[in-house]
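Below you'll find the structure, written out as structure tokens, and then a few comments.
The values are calculated or read from the model by the stated rules, or taken from the named source; none is laboratory data. What you are looking at is a predicted structure, and each value in this text was computed from that prediction instead of being measured. Backbone-built Cβ (ideal geometry, glycine too); neighbour counts: all protein chains shown. The area values use the complete protein model at the heavy-atom level, side chains included, leaving out ligands, DNA and RNA. Shrake-Rupley method; radii C 1.70, N 1.55, O 1.52, S 1.80 Å.
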Amino acid sequence: MDLKEPALNTMMKGHMKYMANRQKVLAQNIANIDTPGYKARELKKLDFGKMASSANSQLEMRVTAPSHLNGTLKAGSMALKSDKDRNTFETTPTENNVVLEDQMGKISDTGAQYQLSSSLMRKFTGLYRKAAGSNQ
Amino acid sequence: MDLIDTIHISSSGLKVQQDRLKVVAQNIANSESVGNREGQAPYRRKTISFKNALDKETGAQMVQTKKVGVDKSDFVKKYEPAHPQADAQGYVLYPNVNSISEMMDMREARRSYEANLNVIESSKSMLSQTISLLR
């Protein structure tokens, strides 16, 4: 564990990043709800176990010789890629498979999950504050 | 930042729904507009279609108005011999606007507009939660 960046913090940051990214993908779906031929997209599900192990153990590539390349993927970060959503249950005659109810449900889910990690983060920083001696 | 991008994407959605509503308003306003001179065609119903466009700055799939076209279906012919625009047989051509389908289109535009607004609202509350971490 790194003292500068505790594993819990890294994970909460990763979770918030994932949720913000998912919000973006869902916003694209909803904006394109009347676009003919548009296919709904979705992020791959967040694997919390994998994230936890990578936050604890993943090492960054290090430059030890001038001809080495720097690693671009930071420790604990993950690649977020949106893919076609295969679980939609309705397709309009214009070949658009965005289901508004489904997307709205996902949006509110994302909001709730984001709230969860942001309040966790607040509690966590509160611990530091307490240790640092401030009254809050 | 992703949440700011979200707001941009949803506002592109809001914009196209506004365009759609504009077209619907034109159609409804002109649903009785016959030609000015004898033999001139009446108002033709306008249609709108959307396309998705990649925003190169954010890499997001925005939405744009593709084209405002015209509906090529036949005009409505009504028998009104007393009408100043009536032809020799007493028929007047009226626009091919069906007010019921325009109403449905309007309602759909409104629902999609609301959906996009909800996304903006939700992103905004996520952002403000993040900002409140600083407090």
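Summary of values
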item	result
Lysine pairs within chain B, Cα separation less than 17 Å, 8 or more sequence positions apart or different chains	11
Residue mean of other protein chain beta carbons inside 10 Å, A:92-100	1
Per-residue SASA entry for residue A:11, accessible area with 1.4 Å probe, Å² rounded to 10	30 Å²
With DNA, RNA and ligands ignored, accessible area of residue B:68 (1.4 Å probe; Å², nearest 10)	80 Å²
Anchor residue A:44: aspartates and glutamates whose Cα lies under 18 Å away (excluding residues fewer than 8 positions away in-chain)	A:83, A:85, A:102, A:109, B:2
Rg over Rh, two decimals, segment B:22-135 (C-alpha only, Kirkwood Rh)	1.25
Average projected area [Cα convex hull, the protein assembly as shown], square nanometres	21.7 nm²
Cα-based helix-to-principal-axis angle, B:99-132 vs chain B, degrees rounded to 10	10 degrees
Segment B:1-45, dipole about Cα centre (Lys/Arg Cβ +1, Asp/Glu Cβ -1), debye to the nearest 20	220 debye
Which of A:109, B:5 is most accessible, then next, and so on - probe 1.4 Å	A:109, B:5
10 Å Cβ shell holding at most 16 others, DSSP loop, GluC sites (Glu not before Pro): longest site-free stretch of chain B	B:58-135
Under-5 Å amide H pairs with residue B:45, H placed in peptide plane, nonlocal only	B:71, B:96
Contact surface A-B: accessible area buried, both sides summed, square angstrom, 1.4 angstrom probe	2400 Å²
Set of lysines with alpha-carbon distance to residue A:130 below 22 Å, sequence-local pairs under 8 removed	A:4, A:13
Exposure ranking of A:15, B:83 by accessible area [1.4 Å probe, largest first]	B:83, A:15
Residue (of B:54, B:106, B:116) at the positive-pole extreme of segment B:25-116, dipole from beta-carbon charges	B:54
